[in-house]
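Comments concern the structure below.
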Amino acid sequence: MWTLRGYPAVMRRAVERVGRFLPHGWRDFWLQFAVFWLFYAGYELSRGLSEGARAEAFLNANAVIEAERALGIYWELAIQRWTLEDAPGVFLEAANWTYFNCQFTISFAFMLWVYFRRNHAFYFVRNIILCADFIGLAGYLMLPTAPPRFLPELGYVDTLVGEAISHESGLIATFSNPYAAMPSLHTAYALTIGITGVLVCRRLWSRTLWALYPALVVYSIVATGNHFLLDAVAGAGAAAFALLAALAIARGRLPHPERAPVGFLVPRLRAAPA
C-alpha cells in the first residue's frame, strides 16, 4: 500500500489536505483514474484492428446512404452545405470545436466533476461509458464504416482540414481508426453525459444546457462530415444497451445519494450524501 513515509513533511501535509476533498480517499481516486485511462488507451489502440478493412468500409458507407434514402433521412449533405455556405461562421467553429472536445475533454471533465460532487452517481455512469465502449468496439470490428468526409465525390468536405487540431494531428492520427463511424460513440457519450447532467445538476440553467448537449453533438458530427445520422441512431442504441448492462451490474439499483454505490470497483465505504 502506498504511504508518505520518507517524504518531506510539507509534501505529506499537502497530500493529506487534498485527500480530505476526495470522497473515498486517494486509493479510490487513483483506482478510478487508472480504470478510465487504461481502458481508454486500450480502446484507442484496439479499435485500429479494423483499419485494414477499407473496401468493406466504403461498401458499408454506401449501404448506410441507401438506407437513409429509403427512410427519407439522408440530410447530411444539406446540413453540411448549410453550415459551410449559409450559416454564420460561428456555426462551423462551434461544430469543429465540439467534435474534437465532446468525447474527450468535456466527457472526462464532467466525469471528474461527478466524482467529486455527485460521487453516488459516478460508478454507475462510469459503467455505462465503459460498456458503450465495448459495444462500439464490437461495431467497428464487425461493421467498419467510412465517414462522409471520405466521400468527396458526393460533395462532402472534411471541415477540420487546416485546423490546429485535425485527424492528421499527432496522437490522433496514430491511434484513431478512420473507419470507426458506426456506431457513433460521440452520440453515446453525449446522451450519457447529457442525461446524467440533467439528473444530477441542481440549477435550471445547467440542466437546460445538458439537455441540449446531445443535439449539439449530433449536429457537430454531421456538420463536420464525420458521421451519418444512422451512425448517431446506432450510437443512441449503444447507449441504451450500455444502460441495461450497467443496471445488470448494479443489480437493478439506480444511483441514490443515500445509498452506497453498487457494481465493480466501487468503494466499500458508504457514499456520503451529496
Fill in the blank from the handout: The FRET efficiency for residue 142 and residue 69, from their Cβ-Cβ distance with R0 = 35 Å and rounded to 0.05, is 0.90
Fill in the blank from the handout: Given 194-200, 53-59, 35-41, 223-229, the highest-first ranking by average Cβ count within 10 Å works out to 223-229, 194-200, 53-59, 35-41
Exercise for the section: With +1 on each Lys and Arg Cβ and -1 on each Asp and Glu Cβ, and nothing else charged, work out how big the dipole of segment 39-249 is about its Cα centre, in Debye to the nearest 20. Expected result: 1040
Practice task
Per residue of segment 182-199, in order, report the coupling 6.51 cos²θ - 1.76 cosθ + 1.60 (Karplus, θ = phi - 60°) as ³J(HN,Hα) in whole Hz, putting x for Gly and Pro.
Solution key: 10, x, 7, 6, 4, 5, 4, 5, 4, 5, 4, 5, x, 5, 4, x, 4, 7
Completion exercise
Rounded to the nearest 0.05, FRET efficiency between residue 206 and residue 105 (Cβ-Cβ, R0 25 Å) equals 0.90
Practice task
Work out from phi, with θ = phi - 60° and the Karplus expression 6.51 cos²θ - 1.76 cosθ + 1.60, the ³J(HN,Hα) of each residue of segment 21-28, listed in order in whole Hz, and give x for Gly and Pro.
Solution key: 8, 7, x, 9, x, 5, 4, 5
Problem - 3J(HN,Hα) from dihedral phi, segment 254-265, Karplus parametrisation 6.51/-1.76/1.60, rounded to Hz, x for glycine, proline - result: 7, x, 8, x, 9, 10, 5, x, 10, x, 10, 6
Handout entry: Leading residue at positive end of dipole, segment 39-249 (Cβ point charges), from 159, 148, 124
Key = 124
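Each value in this text was obtained by applying a stated rule to the coordinates, not by laboratory testing. Note that this is a predicted model, so its numbers are computed, not measured. Positions of Cβ are backbone-derived with ideal geometry, glycine not excepted, and every protein chain shown enters the neighbour counts.
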